[in-house]
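The values are calculated or read from the model by the stated rules, or taken from the named source; none is laboratory data. Everything quoted here is computed from the prediction, not taken from an experiment. Glycine gets a Cβ as well: all are built from the backbone with ideal geometry, and neighbour counts include every protein chain shown.
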Amino acid sequence: MADDLSLDKGGAPHQTAKGDADGMTTAQGAPVANDQSWLRAGARGPALLEDHIAREKIFHFDHERIPERVVHARGYGAHGTFELAEDLSEHTRARVLTEVGKKVPVFVRFSTVAGNQGSPDLARDVRGFAVKFYTDEGNWDIVGNNIPVFFIQDAMKFPDLIHAAKPAPDRGFPQAQTAHDNFWDFVTLSPESMNMIMWIMSDRTIPRSFRFMEGFGVHTFRLVNAEGKSSFVKFHWKPKQGLQSVVWNEALKVNGADPDFHRRDLWAAIDAGDYPQWDLGVQIFDEAFAENFEFDVLDATKIIPEEQIPVRIVGTMTLDENVDNFFAETEQVAFCTQNIVPGIDQSNDPLLQGRNFSYLDTQLKRLGGPNFTHIPVNAPKCPVRHFQQDGHMAMHNPKGRVNYEPNSWGEGTGEEAGPRENPERGFDSYPEQVEGPKLRARPESFADHYSQARQFYISQTPTEQAHMGSALTFELSKVGRPEIRARMVGHLRNIDDGLAQTVADGLGMAELPGKLKAAKEPIADLPESPALSIIRNGPGNFKGRKLGIYIAEGGDAPTVAALQKAAKDAGAMCEIIAPHVSGAKLSDGKMVEADEKIDGAPSVVYDAVAIVMGEESGRERARDKPSQDFVSDAFAHAKFIAYTDAAMPIFAAIGLDERLDDGCMKLSGAGDASGFIETCGKLRFWEREAVKQD
Ligand code: HDE
């Protein structure tokens with residue numbers, strides 16, 4: 001067939017450039033006339049290698065990915081500021097902790113640990129909580145988690161822990177979950193992980209969103225003041241929004257309904273101007289406390305209870321700016337535990353020491369060279385002066401002849417001498433006295449693996465304890481080898497016999513496995529620590545939460561408007577859900593637009609729901625599965641539910657009309673809206689779960 005040269009050449013005429021200024025170019029800057037069709041010999045002929053424009057485009061595309069993080073691959077970041085409220089110069093000379101009122105820019109990245117970059121947000125997992133402070137004295141990173149303890153005590157075990165948690169190497173699954181043999185095999189053979197196991201089986205690993213979780217530096221660090229005096233410190237982030245988690249059945253469904261639930265939540269809150277805030281807290285203590293404490297402060301599997309050393313709030317971080325470009329900022333941000341500033345120092349925690357090697361090393365692999373500090377999100381916002389040079393992608397290249405020191409250039413030589421060391425302001429390691437034989441050993445003081453695990457468990461409310469029992473039962477039910485299940489219950493017997501029995505019953509064990517021998521006899525009577533419970537530390541209001549109002553034809557217009565207003569007044573977000581995305585005509589004959597169609601907005605993505613519809617539409621919706629699920633899930637997940645009478649057929653269709661409780665509130669008119677929103681401040685009607693279990 002002859003070439004038809006009149007064929008459409010495949011350009012994009014609607015995007016034609018008006019002039020040089022807005023015209024498309026190649027990466028080399030050459031103007032591009034046609035970006036849609038590869039140069040070919042005849043319209044139906046072979047592609048020509050000569051096409052530098054097509055080749056450059058495809059070449060760049062082929063190399064778009066960088067390796068995802070080995071751990072914490074899935075994450076989401078935002079910019080903000082940190083403002084210090086209390087001067088800590090008694091303990092440290094770090095300006096970021098002594099200059100009250102100064103706003104220091106920060107970048108934060110929240111993450112899950114085990115899943116790959118595309119894994120769902122509501123996986124049961126620890127969350128990373130990494131903060132980079134761009135201080136006047138260089139970048140300071142607190143690369144923490146939302147749980148204050150860790151699985152292991154020695155960095156040497158980290159690759160094994162992660163291999164065991166990630167998908168099995170032969171089959172490549174399960175993704176983003178610990179509910180499988182390898183993980184439970186490893187942890188049950190590593191009793192040091194038992195405290196962490198209690199934490200990860202609690203609701204801490206299914207947070208409602210990043211905004212509602214605490215952060216912890218985990219390790220003990222040092223602060224060093226201007227006189228060179230040192231104290232120990234543990235860092236805490238306390239969300240001003242209060243703590244909140246979801247329930248497991250809800251998490252599973254959120255993953256299907258909106259795998260981006262957490263990143264969307266953070267993005268939307270910041271986009272709406274509802275900036276999340278965390279207070280920075282410090283637990284400061286001295287050598288004398290460390291000597292007398294029941295556990296070793298260098299052991300990252302232990303906390304120091306807040307009741308023992310109170311958390312002193314010293315400043316506030318506000319996240320107020322979403323990233324412009326996910327890859328450039330969130331993907332390329334490089335946190336490093338060794339990023340510290342004068343006045344802050346490392347401790348001998350063996351986990352921290354290993355991390356101090358790992359983070360720099362991993363950036364080399366991920367970002368491709370030693371110049372990752374030239375990438376804007378990683379670049380300090382203070383002057384940078386040194387003689388490091390060259391390497392892949394060097395962006396900041398010094399001028400002049402002098403690239404070494406000591407040197408005798410400078411005044412009178414016609415050349416800049418370059419930067420000099422600064423003994424006064426410069427970083428100096430705390431001159432801790434250290435000695436000892438070279439050996440591979442774990443100190444005796446790290447040997448108690450159960451006492452704090454028990455303390456964590458007994459500090460939970462009955463609701464939270466029940467969730468932990470169910471989580472353990474769920475995870476262990478996914479473990480194929482019975483001896484691993486029994487081993488775990490054997491550990492639990494050192495923690496709490498009641499919990500051990502619940503899990504054994506949940507697993508259908510004929511008898512309770514024997515208690516495993518403890519390396520060190522646990523302390524059975526550590527006091528409860530109320531600070532460890534999420535439910536006890538809820539916000540008591542509905543601010544920052546999301547109400548879903550499900551409307552349909554004929555619903556009472558004033559009630560809908562009153563609910564919207566009450567939610568807004570409480571600082572909450574509100575979405576309208578309807579049978580059709582175009583909305584529904586309410587009692588006043590006016591059409592109200594919907595944010596979501598019912599099929600795409602199950603109740604799991606809301607904190608509380610209201611159902612407002614006309615009689616006929618109520619009867620119609622009762623036959624509709626998404627509507628039934630909307631109500632039955634909200635009920636099952638202990639949410640507060642408001643309804644107008646006409647919605648009753650939906651409740652009846654799923655057998656709930658006879659089981660309405662105090663968490664279900666009838667809306668007789670617009671006047672009831674504010675009372676409902678006030679009640680929603682309790683976040684969940686946990687009493688409902690207790691009833692179900694009877
Ligand atoms: Fe990490 N960890 N980690 N980790 N970690 C990484 O660094 C590592 C540990 C944490 O949003 C990696 O840049 C070792 C504890 C967070 O970019 C890697 C050990 C805690 C993030 C690495 C630990 C953390 C990471 C992978 C055992 C809580 C995400 C990519 C000693 C206090 C940071 C990267 C972000 C990321 C190594 C243990 C927190 C491979 C060897 C304990 C929040 O370097």
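Key figures
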| quantity | calculated |
| --- | --- |
| Residue in the stretch 337-351 that is within 23 Å of the chain's Cα centre (by Cα) and closer than 21 Å to ASN116 by Cα present | no |
| Test for ARG44: is it of a type in the set (Lys, Arg) and either part of a strand (DSSP E or B) or assigned by TED's automatic domain parsing to the domain that holds PHE327 (or both) | no |
| ASP345 being under 30 Å from PRO159 (Cβ atoms), crowded, with 16+ Cβ neighbours inside 10 Å and away from the ligand (no atom under 16 Å from the Cβ) | yes |
| Verdict on ASN339 being under 16 Å from PRO105 (Cβ atoms), surrounded by 20 or more Cβ atoms within 10 Å (Cβ to Cβ) and either at pLDDT 95 or above or away from the ligand (no atom under 16 Å from the Cβ) (or both) | yes |
| Some residue of the stretch 94-104 being in a loop (DSSP other than H, G, I, E, B), among the acidic types (Asp, Glu) and not assigned by TED's automatic domain parsing to the domain that holds PRO159 | no |
| Selection status of PRO174, out of contact with any Gly (no Cβ under 6 Å at 6 or more places or on another chain), at pLDDT 95 or above and near the ligand (Cβ under 9 Å from one of its atoms) | no |
| Criterion (within 16 Å of the ligand (Cβ to nearest atom), in contact (Cβ under 8 Å) with a residue 24 or more places away in the chain and under 20 Å from the mean Cα position of the chain (by Cα)) met by exactly one of MET156, MET201, MET196 | MET196 |
| Pair list, Cβ under 6 Å, 6 or more apart: the stretch 352-370 residue under 20 Å from ASP390 (Cα atoms), other residue crowded, with 16+ Cβ neighbours inside 10 Å | LEU360/CYS336; GLN363/ALA334; GLN363/PHE372 |
| Residue within the stretch 48-68 that is of a type outside the set (Phe, Trp, Tyr), surrounded by 14 or more Cβ atoms within 10 Å (Cβ to Cβ), assigned by TED's automatic domain parsing to the domain that holds ASP121 and under 22 Å from the mean Cα position of the chain (by Cα) present | yes |
| ASP121 assigned by TED's automatic domain parsing to the domain that holds GLU250 and surrounded by fewer than 22 Cβ atoms within 10 Å (Cβ to Cβ) | no |
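Okay, residues lined up against (1) at pLDDT 95 or above; (2) within 15 Å of the ligand (Cβ to nearest atom); (3) on the phi > 0 side of the Ramachandran plot; (4) of a type in the set (Gly, Ala, Ser):
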residue	(1), (2), (3), (4)
THR98	yes, no, no, no
LYS102	yes, no, no, no
VAL108	yes, yes, no, no
THR112	yes, yes, no, no
GLY118	yes, no, no, yes
ASP121	yes, yes, no, no
ARG127	yes, yes, no, no
LYS132	yes, yes, no, no
ASP136	yes, no, no, no
